[in-house]
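The structure appears below as structure tokens.
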Amino acid sequence: MKWLSSLTNWYFSKKALPYWGLLFFDCLIVLFSGYVVYFLQLDGLSFMNEFWMVTFKLLNLLPFFILGFRMFHTYSGIIRYSSFVDLGHVVFANMLATIMSYLACLIADKTGLVSNTISLSLSESIGLFIVATLFMAILRVAVKILYDIFRQDSFTKRVFIYGVHAGGVGLAKSIQNQNPMQYKVVGFVTSDEYKYSEYLMGALVHHDSPRLVQHMKDERAEILIVSPLEAEYFRTREDLINDLIANNIKIMMIPQAEEWNGQTTLQHQYLQEVDIEDLLPRNKIEVNMDAIGQLLTGKVIMITGAAGSIGSEMVRQIAVYNPSEMVLIDQAETPMHEVRLMMERDFPNITSFTIVTSITDQKHMEKIFNDHRPDYVFHAAAYKHVPMMEDNPGQAVHNNIYGTHVIADLAVKYGTKKFVMISTDKAVNPTNVMGCSKRICEIYCQSLNKTISEGTCPIAVADGVEKPITQFVTTRFGNVLGSNGSVIPIFKEQIKKGGPVTVTHPNIIRYFMLIPEACKLVLEAGTMGMGGEIFVFDMGKPVRIADLAMRMIKLSGAKNVEIKYTGLRDGEKLYEEVLSDMESTKPTIHPKIMIASVREYDYNIVCADENRLIEAAEKFDDMNIVKIMKEIVPEYKSNCSKFCVLDNKDKVE
């Protein structure tokens with residue numbers, strides 16, 4: 001009887017004890033189901049007369065059911081989380097127990113081992129299986145329903161889920177299992193016409209139509225949760241988004257950093273109330289990760305401007321590919337300290353050097369290049385704020401133009417394989433000093449690359465470089481969401497203070513891209529570039545800044561916050577471009593990246609013009625500095641600036 005002792009000890013162990021209650025109830029259900037079956041077969045008086053014999057028969061059958069429960073673990077799950085899988089286990093356990101008990105009774109009856117008073121007929125077996133299975137299923141469903149009812153309280157929010165496929169269903173299942181109950185799913189939303197008016201997980205499926213918000217009001221739903229599989233399409237539904245915001249219905253999504261890969265289990269804990277960045281229309285960026293990994297793994301990578309919005313994200317994305325060294329350069333001490341801490345925390349196995357210096361310090365930069373010999377340089381360092389550079393053109397020339405000249409020449413001298421310069425859409429038909437300075441940087445890098453490809457590079461001759469190998473690639477894109485000084489953080493702070501929210505012009509528009517997306521495209525362009533290209537990115541649909549401000553105010557829930565129009569700032573224009581009138585594009589293997597066909601410049605002329613410009617910058621004569629910039633870039637026409645007089649036009653108010 002050792003096996004019986006072991007079985008008993010297991011059932012009553014501390015580990016098994018929490019499940020003993022469910023096993024006990026299932027056994028009671030088997031007994032009760034047997035009584036029901038025999039009561040229906042016999043009249044009431046006969047049943048009472050044979051009650052103890054029936055009880056004795058059922059007790060003899062009970063071990064077969066316990067064995068079935070053990071084999072299919074019907075008592076091991078948490079009953080309040082029961083699913084169709086659990087009900088299936090109950091069916092199979094009872095089926096196995098019924099078959100075993102019937103066969104055992106049949107064999108015992110044929111062999112005469114026991115009295116026929118405990119034999120089991122086929123009809124009794126089938127009846128016992130049906131009734132026991134039904135009652136066990138009712139028990140589990142009832143407990144689950146009662147659990148869901150009693151979990152709800154005044155804090156439980158009624159929600160709709162936008163999406164009826166894997167993403168939406170996954171979120172709904174996660175919500176069902178939450179404890180305490182934060183949300184209750186009362187409806188689904190689909191853009192598929194054929195699914196309209198169907199039910200999913202007990203909730204009605206509604207069509208994405210102008211009446212959707214009214215349907216949500218009818219169901220007293222306070223929140224719309226967007227499935228990650230529908231997020232891209234949902235962002236294009238501007239009318240719906242505006243309607244939801246206007247009716248104080250919250251929108252919740254999974255942030256892009258946690259975006260679902262379609263493989264792992266969806267968790268509602270990732271959901272966050274949307275910020276304005278989550279609602280701007282954009283397409284998901286796909287890049288060739290394998291090609292980028294082959295390019296950067298085991299290489300020495302230098303990133304200038306490493307503490308900035310773009311530069312710090314480049315650091316994070318490149319570190320993933322395990323370069324042998326990362327040389328990180330910026331002149332901002334505190335942000336660089338944060339980069340150092342991030343590298344120590346997130347990438348402790350990568351050798352990194354956080355160097356506080358300016359790219360214009362030629363002697364220091366030469367020592368850095370000599371010590372580390374970078375294979376790839378990502379040049380993100382630049383002064384970028386338009387009004388500041390409009391007031392300080394000499395610094396724009398010194399940092400942006402001269403600094404780029406310094407590190408570009410050093411890249412050639414020390415055998416850097418590829419130099420990727422990050423430019424801006426403000427370099428196209430520039431209307432301000434900052435944009436023009438970046439255009440001049442583009443011109444220098446492209447003309448230097450041309451001398452290398454033609455075998456006439458003067459740097460090689462001057463520094464004894466046998467054969468320059470550096471390929472210069474330029475990338476252009478517009479505003480990035482969340483960058484330092486961008487409109488969204490400014491608007492948030494203004495709303496927090498009660499307004500007004502300041503917009504320069506009611507018709508001003510801008511292109512926006514998320515910082516991680518922009519950096520992915522920079523890496524992709526750097527991978528495919530062969531030297532001399534200016535890559536421009538598809539920035540998607542432009543956004544009207546006044547609409548952006550209005551939506552942010554509504555999302556915040558703030559009342560009586562006004563929008564104030566202040567007029568275009570110095571050097572600002574109503575809309576940005578990614579190509580000038582003289583340029584066209586050629587496609588690449590990536591649908592979001594094009595190559596700009598731009599005018600070529602002679603390297604010697606470019607150097608002469610830059611030297612003249614740098615000399616002027618050292619004298620801090622703003623008018624003369626900008627005059628020379630306009631001579632180098634004839635398409636540079638100032639707007640809303642004191643430099644408009646150089647274009648022989650009146651200042652625009």
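Restricting Val287, Val315 to residues that are modelled with pLDDT under 85, of a type outside the set (Ser, Thr, Tyr) and under 30 Å from Phe369 (Cβ atoms) narrows the list to Val287. Taking the numbered list (1) surrounded by 19 or more Cβ atoms within 10 Å (Cβ to Cβ); (2) touching a strand residue (DSSP E or B) at 6+ places or on another chain (Cβ under 9 Å) in turn, Lys384 passes all entries but (2). Listed by first and then second residue, the pairs linking a residue in region 610-629 that is surrounded by 22 or more Cβ atoms within 10 Å (Cβ to Cβ) to a residue that is of a type in the set (Ser, Thr, Tyr) and not in a helix (DSSP H, G or I), with Cβ atoms under 9 Å apart and 6 or more places separating them unless they lie on different chains, are Val626/Tyr636; Val626/Ser638; Val626/Ser641; Met629/Tyr636.
Which of the residues spanning region 208-237 are among the aliphatic types (A, V, I, L, M) and out of contact with any Asp or Glu (no Cβ under 7 Å at 6 or more places or on another chain)? Show your work before the answer.
Keep residues of region 208-237 that are among the aliphatic types (A, V, I, L, M), which gives 212-213, 216, 221, 223-226, 229, 231.
If the condition is that a residue be among the aliphatic types (A, V, I, L, M) and out of contact with any Asp or Glu (no Cβ under 7 Å at 6 or more places or on another chain), then Leu212, Met216, Ala221, Ile223, Leu224, Ile225, Val226, Leu229, Ala231 are the ones that fit.
For region 506-526, a residue qualifies if it is modelled with pLDDT of 80 or more and either touching a Gly at 6+ places or on another chain (Cβ under 7 Å) or not assigned by TED's automatic domain parsing to the domain that holds Phe378 (or both), and exactly one does: Ile515. If only residues of region 142-171 that are more than 20 Å from Leu240 (Cβ to Cβ) and among the aliphatic types (A, V, I, L, M) are counted, the one that is modelled with the lowest pLDDT is Ile149.
Counting only helices (runs of 4 or more DSSP H) wholly contained in region 364-479, the ones carrying 3 or more residues that are in contact (Cβ under 8 Å) with a residue 12 or more places away in the chain and among the β-branched types (Val, Ile, Thr) occupy 403-413, 433-454. Within region 321-363, being farther than 28 Å from Lys413 by Cβ and touching a Lys or Arg at 6+ places or on another chain (Cβ under 9 Å) holds for Met342, Asp346, Phe347.
If I filter region 329-363 down to residues being part of a strand (DSSP E or B) and out of contact with any strand residue (DSSP E or B) (no Cβ under 6 Å at 6 or more places or on another chain), which single residue comes out as surrounded by the most Cβ atoms within 10 Å (Cβ to Cβ)? Step through it out loud before you land on a result.
Pass one, region 329-363, residues part of a strand (DSSP E or B): 329-330, 351-356.
Imposing the further condition that a residue be out of contact with any strand residue (DSSP E or B) (no Cβ under 6 Å at 6 or more places or on another chain) reduces the set to 330, 356.
Details: Asp330: 24, Val356: 16.
Here the answer is Asp330.
Can you work out which of the residues in region 582-604 that are of a type outside the set (Ser, Thr, Tyr) and crowded, with 18+ Cβ neighbours inside 10 Å is nearest to the chain's Cα centre (by Cα)? Ranking the qualifying residues of region 582-604, first place goes to Lys592.
In region 427-447 there is at least one residue matching the filter, namely being modelled with pLDDT under 90, assigned by TED's automatic domain parsing to the domain that holds Ala525 and closer than 24 Å to Ala306 by Cα. All conditions in (1) in contact with a strand residue (DSSP E or B) (Cβ under 7 Å, 6 or more places away or on another chain); (2) assigned to a loop (DSSP other than H, G, I, E, B); (3) not polar (S, T, N, Q) hold for Tyr321, with the sole exception of (1). Tell me which residues, restricted to region 591-649, are in a helix (DSSP H, G or I), closer than 16 Å to Tyr444 by Cα and out of contact with any helix residue (DSSP H, G or I) (no Cβ under 9 Å at 6 or more places or on another chain). Residues satisfying the conditions are Ala608, Asn611. Just give me the residues in region 539-559 being in a loop (DSSP other than H, G, I, E, B) and out of contact with any strand residue (DSSP E or B) (no Cβ under 7 Å at 6 or more places or on another chain), in sequence order. The answer is Gly540, Lys541, Gly557, Ala558, Lys559. Go through region 290-317 residue by residue and tally those that are of a type in the set (Ser, Thr, Tyr) and surrounded by fewer than 19 Cβ atoms within 10 Å (Cβ to Cβ). Number of matching residues: 1.
Per-residue answers, yes or no, for (1) closer than 24 Å to Arg235 by Cα; (2) not charged (D, E, K, R):
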residue	(1), (2)
Asn479	yes, yes
Gly498	no, yes
Gly529	no, yes
Phe535	no, yes
Arg544	yes, no
Leu548	yes, yes
Arg551	yes, no
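The values are calculated or read from the model by the stated rules, or taken from the named source; none is laboratory data. Remember, it's a predicted structure, so these values are computed and weren't measured experimentally. Note: ideal-geometry Cβ built from the backbone for every residue, glycine included; neighbour counts use all protein chains shown.
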